[in-house]
Amino acid sequence: MSAAPGRSQASSHRSPQGEGVPVNRAPTGCFAQRHFTLQALPREAWKNQGGWTRPVASAVGHDGQTDWRVSAAEITTAGPFSIFEGLDRQAVMLQGGRLRLRASQPVDDIHFDGPGSMAAFPGERRLTAEKPAGPTVLWNVMHRRGVVRAEVGMLGDRVMALPPTPHVLLYVLSGEVEIALPRCRTQGLGAGHGLHLQQLPAQTLLAPGCPGSQVLVTAIYLHSALRG
């Protein structure tokens, strides 16, 4: 399993879009979290060497195989996607315009039409990306079938309760979000920033900080939790 993020100290960050939105991190002891921006994450080659990805978080099982993995895949040219046997995948466009992933059967083609559009497909499906009109980034979530389940969604206009799962990842596409935990001060997160949260308590709330905010929420459910 990947190393658990350390407990953070209070600090602040500024939105890369120039809006000056503060990112206030919760005081030590409330929960485990790791702040990230995609640009600061290391770049790795795809499994098939056809592109680049920036790993966000992952875990492996006792057999050394991937249980789950979240990354940001960069697509700049046409070419095939990597094959991942036994894994289910979900992808959300973070940056880009229209993108088509061609499958062996046209009915299985996948279309993205801008930031926030998403798709789910098995890792065994053979897909080839058409050349995008400009730089494109996909939020890539993979999880081992029957062992781990991942739920990926977007925060709407209303307050939502975050699931108390072992891992929750937040990434703000636009606007800002506020996170409220029991007995902890509220913290804000601006566009272009993300958090990897672990062992969140129940009744953790997530709310848009301004109209039109887009916040990607990824929850990872482990096998023991599925059995319960």
- Task: Kindly write out, for the stretch 169-179 in residue order, the coupling ³J(HN,Hα) from the Karplus curve 6.51 cos²θ - 1.76 cosθ + 1.60 (θ = phi - 60°), rounded to whole Hz, with x marking Gly and Pro.
- Result: 10, 10, 9, 8, 6, 7, x, 7, 9, 10, 10
- For Gly97, distant residues with modelled amide H under 5 Å away: Ala133, Gly134
- Extension reserve of the Gln39-Thr128 stretch, reckoned as 0.36 nm per residue once the Cα distance is removed: 29.5 nm
- Note on the structure: Cβ-Cβ cut-off under 14 Å around Ala45, Lys and Arg +1, Asp and Glu -1: the net charge is +1
- The answer for the stretch 54-145, accessible area per residue at 1.4 Å probe in Å², is 47 Å²
- Item | Quotient of C-alpha Rg and 2.2 N^0.38 Å, computed over the stretch 76-221 | 1.13
- Message: Per-residue counts of other Cβ atoms within 10 Å, averaged by peptide: what ranking do you get for 193-205, 45-57, highest first?
- Response: 193-205, 45-57
- At a 1.4 Å probe radius, which order do Arg183, Arg149 fall into by accessible area, largest first? Arg183, Arg149
- Message: At 1.4 Å probe size, with the rest of the protein present, what percent of the exposed accessible area of the stretch 166-228 is carbon and sulfur atoms?
- Response: 52 percent
- Note on the structure: Once both label points are put 7 Å beyond Cα along the C-beta direction, the Ser58-Met154 separation in nm becomes 2.8 nm
- Interchain or long-range residues, amide H under 5 Å from Thr204's placed H: Leu162
- Note on the structure: Applied in sequence order to the stretch 60-73, the curve 6.51 cos²θ - 1.76 cosθ + 1.60 (Karplus, θ = phi - 60°) yields integer Hz couplings, x standing for Gly and Pro, of 10, x, 5, 8, x, 8, 5, 8, 7, 7, 10, 8, 10, 8
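The values are calculated or read from the model by the stated rules, or taken from the named source; none is laboratory data. These numbers come from a predicted model, not from an experiment. Here Cβ is always computed from backbone atoms with ideal geometry, including for glycine, and neighbour counts include all displayed protein chains. Only protein heavy atoms, including side chains, enter the accessible area calculation; ligands, DNA and RNA are left aside. Shrake-Rupley method; radii C 1.70, N 1.55, O 1.52, S 1.80 Å.
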